[in-house]
1. Tell me which residues, restricted to region 86-119, are surrounded by 23 or more Cβ atoms within 10 Å (Cβ to Cβ), over 13 Å from LEU147 (Cα atoms) and not aliphatic (A, V, I, L, M).
2. Out of the residues in region 201-237 that are in contact (Cβ under 8 Å) with a residue 40 or more places away in the chain and either part of a loop (DSSP other than H, G, I, E, B) or open to solvent by less than 20 Å² (accessible area, probe 1.4 Å) (or both), state the one that is farthest from VAL310 (Cα to Cα).
3. Output the number of the condition that ILE44 fails; it satisfies all remaining conditions of (1) open to solvent by less than 40 Å² (accessible area, probe 1.4 Å); (2) farther than 21 Å from THR268 by Cα; (3) part of a helix (DSSP H, G or I).
4. How about region 279-320: which of its residues are surrounded by fewer than 16 Cβ atoms within 10 Å (Cβ to Cβ) and polar (S, T, N, Q)?
5. Assess whether PHE169 counts as being at pLDDT 95 or above, closer than 20 Å to GLY291 by Cα, out of contact with any Lys or Arg (no Cβ under 7 Å at 6 or more places or on another chain) and surrounded by fewer than 22 Cβ atoms within 10 Å (Cβ to Cβ).
6. If a residue must be under 19 Å from LEU239 (Cβ atoms), part of a loop (DSSP other than H, G, I, E, B), in contact (Cβ under 8 Å) with a residue 40 or more places away in the chain and not polar (S, T, N, Q), how many such residues does region 254-299 contain?
7. Scanning for something among the β-branched types (Val, Ile, Thr) and buried (at least 23 other Cβ atoms within 10 Å of the Cβ), does region 71-85 turn up at least one residue?
8. Quick one: is LEU242 modelled with pLDDT under 95, within 20 Å of the chain's Cα centre (by Cα) and assigned to a loop (DSSP other than H, G, I, E, B)?
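The values are calculated or read from the model by the stated rules, or taken from the named source; none is laboratory data. Everything numeric here is computed off the predicted structure, so don't read it as measured data. Cβ sites come from the backbone with ideal geometry, for glycine too, and all protein chains shown count toward neighbours. Note: areas computed on protein heavy atoms with side chains; ligands, DNA, RNA excluded. Shrake-Rupley method; radii C 1.70, N 1.55, O 1.52, S 1.80 Å.
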Amino acid sequence: MHVLIVKTSSMGDVLHTLPALTDAMQAIPGIRFDWVVEENFAQIPSWHPAVDKVLPVAIRRWRKHWFGSQQREERVLFKRDLQSRQYDVVIDAQGLIKSAALVTRLAKGVKHGQDSRSAREPFASWWYDKRHEINKQQHAVERTRELFAKSLGYEKPDTQGDYAIAGHFLSALPEDAHQYLVFLHATTRDNKHWPESHWRELIELVQPTGLRVKLPWGAEHEHQRALRMAEGFDHVEVLPKLALEQVAQQLAGARAVVSVDTGLSHLTAALDRPNITLFGPTDPGLIGGYGKNQHELRGAGGTMQAISAVSVIEKLRELL
């Protein structure tokens, strides 16, 4: 059986889809998947052993210049690639109108997705041949596992989902694996940031453990924050700018991770690394860390400032 998955973004949502593939792989011997995903996250599906082909899509970028000649040509090539195979099943796990209209509608195969009561955008269900009711009051990972089980005709396992990507990195761990912590300090919303002064206090509290601290970053303003956080500390390393797979390698080798609410926190969970995620205004109930050794600290009143460095180091000591 060959199945097409439509799950284009975001990083957390793409990662949350992986355990459903593992369920299907164990329930249906020989099943293989192709996966349509946004170009920035195209590496992620390739880490799973059941994925044959990744089909990058650039809806986010195309929307900026939809009628540009380059964008039109890219869409033509994508459509040709998408329609080059007849799939046994197409599963739209995105539940959005744009992905259903621009991708799922064009794919060849019986199209499955959430019904109008379950999908994030109810009208997306118009493009599905088979519509499934999925319980919204469960974690995003479990919702996707339920969708795959109903689409492919097996019982959803009662056990915790398995991302099945940690093994991909075992042969490429950093030389100093398990001798350092990673602090994921970057996120998109200002009210999800933990204050730099708190990070610096935590870095100081970590020093007696003998563990080093690594600080990854993506954009230049995140680089500058990392440099400020590291200033004056010999046990802190500001990493160079890394590709997503390189960041994953650093996370896979970490003794533990402290993170704000960000996509890389979900990547840490998918790699089965101990992780403390700091939450302020966002509710981790349905979208928080899912996996082994995932812990959360929430700020009183929904503020990140209310989470003290002392409370984080205490939780870290428990993990270490």
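1. Scanning region 86-119 gives SER99, THR104.
2. PRO216
3. Failed condition: (2).
4. ASN293, THR303, GLN305, SER308, SER311 - these are the residues of region 279-320 that are surrounded by fewer than 16 Cβ atoms within 10 Å (Cβ to Cβ) and polar (S, T, N, Q).
5. On the way: at pLDDT 95 or above: yes; closer than 20 Å to GLY291 by Cα: yes; out of contact with any Lys or Arg (no Cβ under 7 Å at 6 or more places or on another chain): yes; surrounded by fewer than 22 Cβ atoms within 10 Å (Cβ to Cβ): yes.
It is true that PHE169 is at pLDDT 95 or above, closer than 20 Å to GLY291 by Cα, out of contact with any Lys or Arg (no Cβ under 7 Å at 6 or more places or on another chain) and surrounded by fewer than 22 Cβ atoms within 10 Å (Cβ to Cβ).
6. The qualifying residues number 3.
7. Within region 71-85, none of the residues are among the β-branched types (Val, Ile, Thr) and buried (at least 23 other Cβ atoms within 10 Å of the Cβ).
8. Working: modelled with pLDDT under 95: no; within 20 Å of the chain's Cα centre (by Cα): yes; assigned to a loop (DSSP other than H, G, I, E, B): yes.
So LEU242 does not fit the description; no.
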